[in-house]
Amino acid sequence: MATPSTSLTDRRIVDELRKCGISHIVWLPDSETRFMYEAMMSQPELTLVPVCREGEAIAIAAGLMLGGKEPVVLHQNTGFFESGDSVIGLALDLQLPLLLLLGYRGWQRDAPITDSAAIFLEPTLDAFGIKHYLVETDEDVEMISMAYKEARETNKPVAILIGREPEQP
């Protein structure tokens with residue numbers, strides 16, 4: 001009998017993004033999302049768009065969508081808080097079907113959560129009316145495609161919360 005995987009790999013996440021037809025990854029590199037850099041760079045069909053501030057990521061993704069591209073925004077939960085005005089004023093008000101990949105800094109399954117970024121992320125997403133799904137292992141990664149499809153069907157942003165730092169091969 002096969003045992004369930006407890007790892008999360010950068011390659012599996014990138015493969016799922018490719019399956020969704022993602023063309024651009026708009027991101028602010030940080031300690032929680034740096035794990036995917038090499039995996040993303042190895043895919044010629046993915047264009048990385050680095051930003052200086054997380055709030056810019058939403059506006060750039062909106063422009064890419066208007067230009068017919070399929071972006072995803074990737075940043076840490078603290079970056080989501082910084083981008084709140086853009087999330088509300090652009091992604092929600094314009095009803096953009098935007099996939100958000102958020103590093104869930106401070107989140108722990110089996111221990112008390114003491115990091116305010118983790119404590120307030122899900123309540124903030126709920127207050128904004130943004131559905132969200134937790135990805136912790138390679139077995140969960142298919143939720144990325146589900147969230148992508150849901151965003152398209154509802155014309156609303158949907159968030160994937162990356163609950164552990166993926167392993168590199």
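The values are calculated or read from the model by the stated rules, or taken from the named source; none is laboratory data. All figures in this text were calculated on a predicted structure; none of them were measured in a lab. Note that each Cβ is placed from the backbone with ideal geometry, even for glycine, and that neighbours are counted across all protein chains shown.
Assorted remarks:
- Residue ID - nearest to ASN155 (Cα to Cα), chosen from residues in the range 104-138 that are in contact (Cβ under 8 Å) with a residue 24 or more places away in the chain and of a type in the set (A, V, I, L, M): ILE130
- Hits in the range 113-162 - residues which are more than 13 Å from the chain's Cα centre (by Cα), more than 14 Å from ALA91 (Cα to Cα) and aromatic (Phe, Trp, Tyr): PHE120
- For the range 23-35, the candidate set comprises residues that are over 12 Å from the mean Cα position of the chain (by Cα) and at pLDDT 95 or above; within that set, the residue that is surrounded by the fewest Cβ atoms within 10 Å (Cβ to Cβ) is SER23.
- Residues (under 15 Å from the mean Cα position of the chain (by Cα), in a loop (DSSP other than H, G, I, E, B) and either surrounded by fewer than 17 Cβ atoms within 10 Å (Cβ to Cβ) or not aliphatic (A, V, I, L, M) (or both)) located in the range 91-106: PRO97, TYR104, ARG105
- Contact map, the range 52-78: first residue touching a residue at least 12 places away in the same chain (Cβ under 8 Å) and of a type in the set (S, T, N, Q), second residue surrounded by 18 or more Cβ atoms within 10 Å (Cβ to Cβ) and outside any helix (DSSP H, G or I), Cβ cut-off under 6 Å, separation 6 or more or different chains; pairs are GLN76/GLU32; GLN76/GLY103; GLN76/ARG105; ASN77/LEU102; ASN77/TYR104; ASN77/ARG105.
- LEU121 being of a type outside the set (Ser, Thr, Tyr), under 29 Å from SER7 (Cα atoms) and surrounded by 21 or more Cβ atoms within 10 Å (Cβ to Cβ): yes
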